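The values are calculated or read from the model by the stated rules, or taken from the named source; none is laboratory data. Source: prediction; values computed, not measured. Methodologically, a virtual Cβ is constructed for each residue, glycine included, from the backbone with ideal geometry; neighbour enumeration extends over all protein chains shown. SASA here: full protein model, heavy atoms, side chains in, ligands and nucleic acids out. Shrake-Rupley method; radii C 1.70, N 1.55, O 1.52, S 1.80 Å.
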Amino acid sequence: PLPIEKMFGIGKQTAPKLKEAGINTIGDLALSDNPKVKSILGNLFLYYQGEANGIGDDHVDNSTFDPKSISAERTFSTDATSYEGLSDMVRSCVQDIVAELQSYHKVALSISIKLRTPDFITKSKQMALAKPTDSYEEILSAAMGLFDRTYKDQPIRLLGIGIDKVEEKGKSEDKKTSSIQNSFLDEINKDL
């Protein structure tokens with residue numbers, strides 16, 4: 001019963017033509033043998049009809065998404081020049097990133113910033129975080145530090161914040177504990 005324009009691949013130009021031929025829903029296309037519809041869709045008719053009937057060769061990857069990095073960008077319709085306004089955008093980007101980071105139960109080890117001017121010159125900086133974190137305050141503090149080092153009162157068209165080296169929460173602690181245990185065992189073995 002979904003409208004034909006909701007079907008992937010049927011765009012603003014094709015949908016009105018199909019409606020004119022009596023195809024108002026995806027179900028209509030699934031059952032159609034109308035030569036006019038075949039003419040509108042050309043050699044893709046069988047493909048779209050198959051898709052409308054749930055027949056396709058698309059592969060569905062149902063494995064869990066495991067991000068290695070997360071980023072957020074804002075492109076401005078007019079050049080941004082206000083430090084306060086840009087700082088608000090840094091905060092907004094960090095909020096988006098932290099929400100996604102926490103939803104995956106991950107921590108970040110590195111952060112980057114990207115600033116693009118109206119003449120498409122892009123400046124970027126990256127730094128390691130003091131410790132693996134998913135804390136809004138810690139990530140915001142690092143992002144603002146990078147912003148302050150990068151922004152030079154020039155007009156900005158795009159601002160982006162990214163976190164890299166994303167890993168499972170607790171993984172770094174496991175590595176640290178394992179490293180301490182191995183060092184301790186090395187010391188015991190030396191004494192033996």
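Give me the distance between the Cα centres of region 138-152 and region 50-87, rounded to whole Å. Taking the Cα centre of region 50-87 as reference, the centre of region 138-152 is 24 Å away.
Once you sort the root eigenvalues of the Cα gyration tensor of region 5-104 as a ≥ b ≥ c, which label holds: rounded (a/c under 1.5), prolate (a/b larger than b/c) or oblate (the other case)?
Note, shape of region 5-104 comes out oblate.
All other residues whose Cβ lies under 12 angstrom from that of residue 104 are scored, Lys and Arg at +1 and Asp and Glu at -1, for a net of -2.
Note on region 38-92: percent of Cα-Cα distances in each 10 Å bin, starting at 0 and stopping at the bin with the largest distance, equals 16, 21, 14, 22, 21, 6. Once each of the chymotrypsin sites (Phe, Trp or Tyr not before Pro) sitting in a DSSP loop with at most 14 other beta-carbon atoms within 10 Å is removed, the chain keeps 121-192 as its longest stretch.
Here the accessible area is traced with a 1.4 Å probe on the protein chains. For region 1-73, carbon and sulfur cover 53 percent of it.
When you filter the trypsin sites (Lys or Arg not before Pro) in region 31-107 for DSSP loop state and at most 15 other Cβ atoms inside 10 Å of their Cβ, you are left with 68.
Subtracting the Cα-Cα distance of residue 122 and residue 82 from their residue separation scaled by 0.36 nm leaves 12.6 nm.
Shape of region 49-184 from its Cα gyration tensor (a ≥ b ≥ c, root eigenvalues): rounded if a/c is under 1.5, otherwise prolate when a/b > b/c, or oblate?
Oblate is the answer for region 49-184, as a/c is 1.5 or above yet b/c matches or exceeds a/b.
Accessible surface ranking for 2, 109, 86, 1.4 angstrom probe, highest first: 2, 109, 86.
Using the 1.4 Å probe convention, the accessible area of the chain works out to 64 Å² per residue with neighbouring protein chains retained. Of all trypsin sites (Lys or Arg not before Pro) in region 120-175, which ones are in loop regions per DSSP and have a Cβ with at most 11 other Cβ atoms within 10 Å? Answer in residue order: 152. Among 88, 134, the sequence by solvent-accessible area, most first, with a 1.4 Å probe is 88, 134. Of the residues 170, 160, 22, the one that moves most in a GNM of the chain with alpha-carbon contacts below 10 Å is 22.
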